[in-house]
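Please read the structure below before turning to the comments.
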Amino acid sequence: MKSYEFNSLAGCVIQRLSRETGTLCGLYHGEQSGIETDKITPWLTVCEAHSTLVCHGTLALARRHLPFPSSWCDECRTRTEQKDS
């Protein structure tokens, strides 16, 4: 398995500011980052601002979720809904 490290964070594949919410989101390999996951869902999307994470079965699936934290982070969802009203 490839070893991941981005911004000096073990297991981090990439971090990006979400255009949708303006929050920093990261994509991690759970085992390499020290975040407990299982073998079925080893990839994580993390809202760095709100410490919310979601596990994914594939890296590709995690990449698809990364830009849209309002679909998996409750705090981002609330802020997006308030902004839209």
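The values are calculated or read from the model by the stated rules, or taken from the named source; none is laboratory data. None of the values given here were measured: they were computed from a predicted structure. Note: ideal-geometry Cβ built from the backbone for every residue, glycine included; neighbour counts use all protein chains shown. Surface accessibility is based on the protein's heavy atoms, side chains included, excluding ligands, DNA and RNA. Shrake-Rupley method; radii C 1.70, N 1.55, O 1.52, S 1.80 Å.
Treating only the Cβ of Lys, Arg, Asp and Glu as charged (+1, +1, -1, -1), what charge dipole size does the chain show about its Cα centre? Round to the nearest 20 debye. Walk me through the numbers on the way to the answer.
Working: 9 positive and 10 negative charges, 65 e Å.
Here the size comes out at about 320 debye.
With respect to the chain, whose longest principal axis is taken over its alpha-carbon atoms, helix 74-84 is tilted by about 30°.
Normalising by the residue count of the chain, find the relative contact order in percent from Cα pairs under 8 Å and 6+ residues apart. Numbers along the way, then the final one.
Numbers: 159 pairs, mean separation 19.5, N = 85.
Reported relative contact order: 23 percent.
Sorting GLU36, GLU20, GLU81 by accessible area puts them as GLU36, GLU81, GLU20; the probe is 1.4 Å, largest comes first, and only protein heavy atoms count. The residues of the chain present an accessible area of 63 Å² per residue when probed at 1.4 Å with all protein chains retained.
Probe radius 1.4 Å, ligands and nucleic acids ignored: give me the carbon and sulfur share of the accessible area of the chain as a rounded percent. Here it works out to 51 percent.
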